[in-house]
Amino acid sequence: MIEKGRISALQMSLLIYANIVSSAILTVPGITYKYAGRDMWLSPIWGSLSGFFVVFIVYQLNKLYPMETLIQYIQHILGQIPGKIVGFFYLFFYLYAGGTALRQYGDFLVGAFFNRTPILIVIASLALASTFAVRAGLEVLARLSDMFVPLMILLWIMIVLLLIPELDVKNMFPIMENGIKPSIMGAVSPAAWYTIFFHISTLFPFLIDRKQGMKWSMFTVLAVLVTLLITNLATLLLFGGITGSFVFPFMSAARYISYADFFENLESVIMAIWIGGTFIKMGLYNYVLVLNTAQWLNLSDYKPLVLPFWMLLTLVGIWTAPNLPELAHSLSVTGPIISHTYFIVIPVILLLIAVLRNRMRQKAGKP
Amino acid sequence: MNKQKVENQEDPLSSDLNQNIHVLRSIYENCSDLVFRPFVIGGKTKAFLIYIEGLCNIEEMNASVLSPLMDESAAKYDTLNELLENKITVSKAKEVKTSTECINYLSIGSPLLLLENESIGFAFGLAKWEKRSVEEPTAETVIRGPREGFTESLGVNTSLLRRKIRSPKLKMNPMSIGRYTQTEVIVAFMDGIMDPTLFEEVTKRLKRIDIAGILESGYIEELIEDNPFSPFPQILSTERPDVAVSSLLEGRVVILVDGTPFALIAPTTLYSLLQSSEDYYQRFLIGTAIRWLRFVFVLISLLLPSLYVAVSTFHHEMVPTTLLLSMASSREQVPFPAVIEALVMEITFEALREAGIRLPKQVGAAVSIVGALVIGQAAVQAGIISAPMVMVVAITGIASFTLPRYTAGIALRMLRFPIMILAGTLGLLGVMLGLIFIVIHLCALRSFGVPYLSPMAPMKFRDMKDVLIRAPLWMLNTRPHLTGKFNKYRQAPHQKPDPSQGD
């Protein structure tokens, strides 16, 4: 096996959690408010269904091929050549997703803090950091998440706690004024975030405690759900009807905090969460991309791929969209469709084929 | 090379005394400190007493070897063994049969007795040389705790360990390293507590060393550590026997080196570099608070100048308005950008620190007076440096000295400079990136198989009670897990004191 490191199920959870939450807490409140309005806090709940479903599908696939990642078992399920072709599309999508995540990070930082820094520097530097982490191996990546994610969670909790005095419960009433439909519409975009859980398909073969894997993954979906629910609720209760006018409502909420004329301007805390979280996120994306490419090419080591992919990711990050509105548009319109296709539809088809093949083989074996 | 030397000198002693003396004289050619003392035992047998001047106890040698043997009554004993049994009043006497053995014993200070018509000689354990007495360690002082420290002589150091751990489970494995110095090195460990593979790994790495000489344990540290390019110390060095003993009892290995008071402890983690022995000697709440103070000051010593540079150059909006105004007004006079100001001040501070260590004590006062002028009010009044920068540099300097281990503090101080440059170019993003790169490095670092950041990364919740806090002694029931198998429990459970206990 290319990767010799082993990680625990908890470390896998932290990696995935950081991957989703770091960007979701910033963008999800704004997007969900656009569709769901006052019911925006319900949307993460509906969206989480796709998270649970993805975990279930990936777990079933992993049960059939326990020691392999998707790129490897796809060739067993579909046959060598079709498997390679579909695998290539997956790799291309990983590259696109990684580049887009980088671009989002770059756009946010340049827009909110570093107005005069070229976006290339912002993107390339973080991609380089994640490259170093990936080069050091999966265990190091997992340890990095051990270091950063608890801090991120603590900072997030701090901001939510400090917001409490400003919250007004009346902002969330009436609940479901227009029925359940708006909140479900709002759930489409968060659901795309939940499908990122698909990356456990790459991590599952490297777990020390594989039996815990399913339990921890489900638990992580729940943790993401709670985090997004509270974030949405906090922004809604703080801003009420004007939530939609902010691009990054949670950051604006943090800016709102001021205690004793000293404890203020906490948006830098958000920036710290964002940079640290995106670093972990890019580390995982980069790792999944590099490892799966090495497996696709049947290489014995993935380290030679690390630097080339640094450049590719940076370039895709620049090319993925001409500007922020275009990026936001493509993320909210095509994003959910693409990620649901790759992370739910195709895996379900794969699972069905795999199960049918097994049945047929058993039948053929019986008489 | 070593092997060749051994082959040349592996020749046994002959029964001809003059031949033996000739061999020794030719080996120790041009060595004026070697003394050959010819004498006659009981008036009939010719003999030689050979020793190295200053390495053995002359009075004792005169009283228990020379004078009884030169006495008339010694004549009635014929063989060497009879003489030994009846005349020589030295408790430790070893037979030597080859000239290699002779050299080994001579070099550790044992006087050698060679007789006519005997192909064996005797080495007496009368070594004695000038050594420093056991004193309070100067680099690791405590308010409460034992005041004894290791010394330069290995025998004293092992006895300090043995006096604290009386159990025979304390094993000490000798080794000699260095082609010429043949420095004695002792690997001490607790049998049954330590993972045996750790001991194997340590001895394997020690045996790989083949250099001319070991002058300090730093030589060994540099040749057996995991990542030679890391700025962080991957092996703990200590002068305190109590620190060494507590590490032994946690299943670590202690390497004692002759000629230096610094013992090495492996494996070690970043967090053990942030702990002082005194944390355990005072009340646990205070120990915990002081640990957290150190965590805060580690971050300050690494990041404060960079944060100041980043915020005052790029992120004015993050500073409260009144503070921003006072910062701006004090910076008005200063001709340099903040990053240059910070670099100049920090480098000056480092120079002062270095000068303060190396200079003779009489000149030290002059340095501190001049230093106070350079990084102080005078620099501000001259309009070269702003007043907040002086404060930042001073706080950073103090912060880096709150770390109980000097080597860890110096690593953080060195890493401060690249982050300052990053802060001056990329602002807070640069600071975050610098921090991320340092954490990547720390996460990838291992010390003898133990991840450097454990138990925080990878998380071991059970071991965090001795890192995030200093849990009370009656809660520290389990040892930290290092590698492989380990002896989990170090004490009996339920020892929390309570008036109702023990009727």
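The values are calculated or read from the model by the stated rules, or taken from the named source; none is laboratory data. On a predicted model such as this, the values are computed, not experimentally measured, just so you know. Don't worry about glycine lacking a Cβ; one is built from the backbone with ideal geometry, like all the others, and counts go over all protein chains shown.
Say whether the condition of being in a helix (DSSP H, G or I) and closer than 30 Å to residue B:146 by Cα is met by at least one residue in the range B:300-310. Write out each step before concluding.
Here is the first cut: in the range B:300-310, the ones in a helix (DSSP H, G or I) are B:300-310.
Restricting the remaining residues to those that are closer than 30 Å to residue B:146 by Cα gives B:301.
Yes, there is a match, as at least one residue in the range B:300-310 is in a helix (DSSP H, G or I) and closer than 30 Å to residue B:146 by Cα.
The single residue among B:498, B:463 that is within 14 Å of another protein chain (Cβ to nearest Cβ) and surrounded by fewer than 21 Cβ atoms within 10 Å (Cβ to Cβ) turns out to be B:463.
In the set A:117, A:131, A:195, which member is more than 14 Å from chain B (Cβ to nearest Cβ) and either surrounded by fewer than 23 Cβ atoms within 10 Å (Cβ to Cβ) or not acidic (Asp, Glu) (or both)? So that I can check it myself, show each step before the final result.
Details: A:117 fails: more than 14 Å from chain B (Cβ to nearest Cβ); A:131 fails: more than 14 Å from chain B (Cβ to nearest Cβ).
Residue meeting the stated conditions: A:195.
A single member of B:354, B:341, B:346 is closer than 20 Å to residue B:427 by Cβ, assigned to a helix (DSSP H, G or I), within 33 Å of the chain's Cα centre (by Cα) and of a type in the set (D, E, K, R), and it is B:346. Out of the residues in the range A:309-367 meeting the condition of being at pLDDT 85 or above and basic (Lys, Arg), tell me which one is nearest to residue A:94 (Cα to Cα). The extreme case among them is A:357.
Determine, yes or no, whether residue A:70 is surrounded by fewer than 23 Cβ atoms within 10 Å (Cβ to Cβ), away from chain B (no Cβ under 14 Å) and hydrophobic (A, V, I, L, M, F, W, C). Don't jump to the end; show me each part of the working.
Details: surrounded by fewer than 23 Cβ atoms within 10 Å (Cβ to Cβ): no; away from chain B (no Cβ under 14 Å): yes; hydrophobic (A, V, I, L, M, F, W, C): yes.
No, not satisfied.
State whether one or more residues within the range B:101-116 are out of contact with any strand residue (DSSP E or B) (no Cβ under 6 Å at 6 or more places or on another chain), loosely packed, with under 15 Cβ neighbours inside 10 Å and at pLDDT below 85. The answer is no, given that none of the residues of the range B:101-116 is out of contact with any strand residue (DSSP E or B) (no Cβ under 6 Å at 6 or more places or on another chain), loosely packed, with under 15 Cβ neighbours inside 10 Å and at pLDDT below 85.
Can you name every residue in the range A:13-30 that is crowded, with 24+ Cβ neighbours inside 10 Å and either hydrophobic (A, V, I, L, M, F, W, C) or without any contact (Cβ under 8 Å) to a residue 24 or more places away in the chain (or both)? Correct list: A:14, A:15, A:16, A:18, A:20, A:21, A:24, A:25, A:28.
Only residues that are of a type outside the set (Gly, Ala, Ser) and in contact (Cβ under 8 Å) with a residue 40 or more places away in the chain were counted across the range B:35-68, and they come to 14. In the range B:324-337, of all residues being more than 13 Å from residue B:387 (Cβ to Cβ) and among the aliphatic types (A, V, I, L, M), the one that is nearest to the other protein chains (Cβ to nearest Cβ) corresponds to B:324. Out of the residues in the range B:423-434 that are touching a Ser or Thr at 6+ places or on another chain (Cβ under 9 Å) and within 9 Å of another protein chain (Cβ to nearest Cβ), which is farthest from residue A:270 (Cα to Cα)? Once the filter is applied, the top-ranked residue is B:426. In this structure, does residue B:453 turn out to be within 14 Å of chain A (Cβ to nearest Cβ) and in contact with a Lys or Arg (Cβ under 9 Å, 6 or more places away or on another chain)? So residue B:453 passes the test.
Based on this model, can you work out whether residue B:453 counts as at pLDDT 90 or above and part of a loop (DSSP other than H, G, I, E, B)?
Values: at pLDDT 90 or above: yes; part of a loop (DSSP other than H, G, I, E, B): yes.
For residue B:453, the condition - at pLDDT 90 or above and part of a loop (DSSP other than H, G, I, E, B) - is met.
Return a yes/no flag: does the range B:400-420 have any residue that is among the β-branched types (Val, Ile, Thr), surrounded by 20 or more Cβ atoms within 10 Å (Cβ to Cβ) and not in a helix (DSSP H, G or I). Scanning the range B:400-420, I find no residue that is among the β-branched types (Val, Ile, Thr), surrounded by 20 or more Cβ atoms within 10 Å (Cβ to Cβ) and not in a helix (DSSP H, G or I), so the answer is no. Regarding the range B:111-126, can at least one residue be identified that is closer than 30 Å to residue B:239 by Cα and either small (Gly, Ala, Ser) or in contact (Cβ under 8 Å) with a residue 24 or more places away in the chain (or both)? The answer is yes, given that some residue of the range B:111-126 is closer than 30 Å to residue B:239 by Cα and either small (Gly, Ala, Ser) or in contact (Cβ under 8 Å) with a residue 24 or more places away in the chain (or both). Among the residues that make up the range A:155-164, is at least one of them within 14 Å of chain B (Cβ to nearest Cβ) and either in contact (Cβ under 8 Å) with a residue 12 or more places away in the chain or surrounded by 23 or more Cβ atoms within 10 Å (Cβ to Cβ) (or both)? Within the range A:155-164, one or more residues are within 14 Å of chain B (Cβ to nearest Cβ) and either in contact (Cβ under 8 Å) with a residue 12 or more places away in the chain or surrounded by 23 or more Cβ atoms within 10 Å (Cβ to Cβ) (or both).
Would a scan of the range B:278-291 turn up a residue that is in a helix (DSSP H, G or I), crowded, with 16+ Cβ neighbours inside 10 Å and hydroxyl-bearing (Ser, Thr, Tyr)? If you could, list the steps in order and put the result at the bottom.
The first filter runs over the range B:278-291 and keeps only residues in a helix (DSSP H, G or I), leaving B:278-280, B:284-291.
Within this subset, residues satisfying the condition of being crowded, with 16+ Cβ neighbours inside 10 Å are B:278-280, B:284, B:287-288, B:290-291.
Now narrow it down to the ones that are hydroxyl-bearing (Ser, Thr, Tyr): B:280, B:288.
Looking through the range B:278-291, at least one residue is in a helix (DSSP H, G or I), crowded, with 16+ Cβ neighbours inside 10 Å and hydroxyl-bearing (Ser, Thr, Tyr).
Do the conditions hold for residue B:151, that is, is it modelled with pLDDT under 90 and assigned to a loop (DSSP other than H, G, I, E, B)? Before you say what the answer is, go through the steps one by one.
Details: modelled with pLDDT under 90: no; assigned to a loop (DSSP other than H, G, I, E, B): yes.
The answer is no for residue B:151.
Of the set (1) at pLDDT 90 or above; (2) within 30 Å of residue A:344 (Cβ to Cβ); (3) within 14 Å of chain B (Cβ to nearest Cβ), all apply to residue A:108 but (1). The single condition among (1) closer than 16 Å to residue A:131 by Cβ; (2) surrounded by 20 or more Cβ atoms within 10 Å (Cβ to Cβ) that residue A:254 does not meet is (1).
Just wondering, is there one or more residues in the range B:156-167 that are in a strand (DSSP E or B), touching a helix residue (DSSP H, G or I) at 6+ places or on another chain (Cβ under 9 Å) and on the phi < 0 side of the Ramachandran plot? Even if it seems obvious, please write down each step before you answer.
Quick first cut of the range B:156-167, residues in a strand (DSSP E or B) only: none.
Looking through the range B:156-167, none of the residues is in a strand (DSSP E or B), touching a helix residue (DSSP H, G or I) at 6+ places or on another chain (Cβ under 9 Å) and on the phi < 0 side of the Ramachandran plot.
Counting residues in the range A:273-291 that are small (Gly, Ala, Ser), under 30 Å from residue B:324 (Cβ atoms) and within 14 Å of another protein chain (Cβ to nearest Cβ) gives one or more. Applying the set (1) away from chain B (no Cβ under 14 Å); (2) within 20 Å of the chain's Cα centre (by Cα) to residue A:82 leaves exactly one unmet item: (2).
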